[in-house]
């Protein structure tokens with residue numbers, strides 16, 4: 001069963017992160033083509049993360065992640081995908097599917113992450129998670145030629161949501177889930193790490209939401225930009241494949257190193273926005289600032305908390321949730337020549353807050 005679960009979880013990661021690829025690489029440009037301002041784009045992309053932040057708090061006292069709630073979360077993602085088509089022309093209506101998508105992500109991904117760590121272990125986790133990187137990279141390469149065709153982007157988003165739902169339902173049949181226990185959960189126990197997680201994701205806001213626009217305005221064509229996205233994910237895949245020995249070492253030390261690498265990465269993009277050799281080097285740091293960082297954090301939280309599913313929910317809520325929301329708003333308001341300089345300062349602050357802990 002463990003082997004079949006490995007491949008099912010890997011397939012889930014492939015399609016789930018294909019959704020993320022469509023959403024973060026191409027949807028900002030789609031909204032720009034529909035006349036959205038940079039502030040509106042930042043606001044829209046803050047809604048899904050906001051839901052990912054708020055949802056875990058409901059599980060502290062009132063809810064448990066049951067099988068029926070997990071199925072509901074998958075279907076909620078499908079509903080959001082359908083609503084993207086009919087609401088995108090209206091800024092206020094378009095808020096609805098983005099809110100629904102955020103709730104769906106907040107419920108479904110922690111369920112799968114917990115199963116992955118519990119059944120295949122942190123040593124094999126990276127090799128399963130790299131399929132998510134492959135899904136992301138396939139989308140980055142295939143959609144680049146249709147950057148100016150919003151309908152193709154929307155249809156790709158819907159197809160990836162449908163496939164993720166199907167695979168997610170199969171995972172549940174292989175690993176029935178009884179629901180997380182109502183155990184005490186103390187965020188202050190690891191407060192330095194939670195602040196680090198928050199600041200790290202805020203620093204990613206300019207990259208996720210405006211990197212494509214930022215570089216295209218400086219003269220890079222969409223194909224080259226897609227290659228930059230792809231190169232970062234290739235570096236991520238290599239790290240995920242070989243990271244197992246590193247995860248047996250001091251996880252907090254690894255998290256600090258990866259945070260510092262992020263500060264350097266954003267500074268290089270600010271200083272050399274049109275230098276392809278330096279931009280490709282900066283993207284290679286994605287192996288540390290995302291791949292190794294992500295694996296080290298979820299592995300540390302899995303060991304540190306007894307309520308492991310809720311720990312993963314709060315990781316998603318505080319990082320991709322609150323951090324993603326604040327990062328989107330920060331990027332939308334600070335957009336301009338110094339955007340990635342500001343991002344570098346935020347990542348440096350994330351490193352400094354964690355440093356006394358190890």
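Observations on the model:
- Close pairs from the stretch 296-316: first on the phi > 0 side of the Ramachandran plot and touching a residue at least 40 places away in the same chain (Cβ under 8 Å), partner in a helix (DSSP H, G or I) and crowded, with 24+ Cβ neighbours inside 10 Å, Cβ under 8 Å, at least 6 apart: none
- Taken residue by residue, the stretch 138-151 has at least one member that is buried (at least 19 other Cβ atoms within 10 Å of the Cβ), under 22 Å from residue 49 (Cα atoms) and touching a residue at least 24 places away in the same chain (Cβ under 8 Å).
- Of all residues in the stretch 1-36, those satisfying the criterion of being closer than 29 Å to residue 88 by Cα, in contact with a helix residue (DSSP H, G or I) (Cβ under 8 Å, 6 or more places away or on another chain) and outside any helix (DSSP H, G or I) are 34, 36.
- Test: residue in the stretch 298-318 that is crowded, with 21+ Cβ neighbours inside 10 Å, in contact with a helix residue (DSSP H, G or I) (Cβ under 7 Å, 6 or more places away or on another chain) and closer than 22 Å to residue 272 by Cβ: no
- Set side by side, the residues 115, 88 differ, and just one is surrounded by 19 or more Cβ atoms within 10 Å (Cβ to Cβ), within 30 Å of residue 175 (Cβ to Cβ) and touching a residue at least 40 places away in the same chain (Cβ under 8 Å), which is 115.
- Filter result (under 15 Å from residue 289 (Cβ atoms) and in contact (Cβ under 8 Å) with a residue 60 or more places away in the chain) within the stretch 230-245: 233, 234, 236, 237, 239, 240, 243
- Hits in the stretch 215-229 - residues which are touching a residue at least 12 places away in the same chain (Cβ under 8 Å), part of a helix (DSSP H, G or I) and crowded, with 18+ Cβ neighbours inside 10 Å: 215, 222, 225, 226, 228, 229
- Residue that is surrounded by fewer than 17 Cβ atoms within 10 Å (Cβ to Cβ), in contact with a helix residue (DSSP H, G or I) (Cβ under 9 Å, 6 or more places away or on another chain) and in a helix (DSSP H, G or I), where the choices are 238, 197: 238
- Residue match in the stretch 169-184 (condition: within 22 Å of residue 311 (Cα to Cα), in a helix (DSSP H, G or I) and either at pLDDT 80 or above or over 15 Å from the mean Cα position of the chain (by Cα) (or both)): yes
- In the stretch 241-256, the residue that is surrounded by the fewest Cβ atoms within 10 Å (Cβ to Cβ) out of those that are in contact with a helix residue (DSSP H, G or I) (Cβ under 7 Å, 6 or more places away or on another chain) and either in a helix (DSSP H, G or I) or modelled with pLDDT of 90 or more (or both) is 241.
- Checking the stated criteria, residue 162 turns out to be in a helix (DSSP H, G or I), modelled with pLDDT of 85 or more, in contact with a helix residue (DSSP H, G or I) (Cβ under 8 Å, 6 or more places away or on another chain) and surrounded by fewer than 19 Cβ atoms within 10 Å (Cβ to Cβ).
- Residue count for the stretch 91-111, restricted to those that are over 18 Å from residue 49 (Cβ atoms) and surrounded by 24 or more Cβ atoms within 10 Å (Cβ to Cβ): 1
- Qualifying residue in the stretch 261-274 (condition: closer than 27 Å to residue 145 by Cβ, in contact (Cβ under 8 Å) with a residue 12 or more places away in the chain and surrounded by fewer than 23 Cβ atoms within 10 Å (Cβ to Cβ)): yes
- Among the residues of the stretch 67-99, the ones that are in contact with a helix residue (DSSP H, G or I) (Cβ under 9 Å, 6 or more places away or on another chain) and part of a loop (DSSP other than H, G, I, E, B) come to 4 in all.
The values are calculated or read from the model by the stated rules, or taken from the named source; none is laboratory data. Fair warning: this is a prediction, and the values are worked out from it, not measured in the lab. Here the Cβ is made from the backbone with ideal geometry for all residues, glycine too, and neighbour counts use every protein chain on show.
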